[in-house]
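Below is one structure, written out as structure tokens; comments come after it.
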Amino acid sequence: MKIINNLQSFLKDQDYYIDIFKDFLHVYDYLNLTTLTSTLIEIKLKEFNLIIEGDNLVIKSMDKKEILLKGLISSVRFVR
């Protein structure tokens with residue numbers, strides 16, 4: 001359990017974090033969603049924009065600080 005608690009503490013200390021899985025992308029602590037199409041999603045974070053390109057991109061879950069995207073992700077870029 002100590003490992004899990006340490007990991008949770010580490011993640012909560014970060015300004016943001018991004019998890020990339022096979023068909024999902026999870027972003028914690030984003031500011032807003034600026035573009036949403038089935039092939040392009042752009043998310044504004046504090047210091048940069050995150051641009052996700054792919055096919056059949058959809059929002060699976062979204063709240064004030066977290067967003068979970070699903071689809072065939074072909075590229076993820078950071079733009080300042």
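Taking each residue of segment 53-79 that is exposed (fewer than 11 other Cβ atoms within 10 Å of the Cβ) and looking for partners that are assigned to a strand (DSSP E or B) with beta-carbon atoms closer than 7 Å, six or more apart or interchain, yields Asp55/Gly71; Asp55/Leu72; Ser75/Glu53; Val79/Asn49; Val79/Ile51.
Within this structure, Tyr17 fails the test of being farther than 17 Å from Val79 by Cβ, aromatic (Phe, Trp, Tyr), within 13 Å of the chain's Cα centre (by Cα) and crowded, with 16+ Cβ neighbours inside 10 Å. The set of residues from segment 19-60 being at pLDDT 95 or above, hydroxyl-bearing (Ser, Thr, Tyr) and assigned to a strand (DSSP E or B) comprises Thr34, Thr35.
The values are calculated or read from the model by the stated rules, or taken from the named source; none is laboratory data. It should be emphasised that the depicted structure is a prediction, and the values quoted were computed from it without experimental measurement. Quick reminder, even Gly has a Cβ in these numbers, built from the backbone with ideal geometry, and neighbours come from all protein chains shown.
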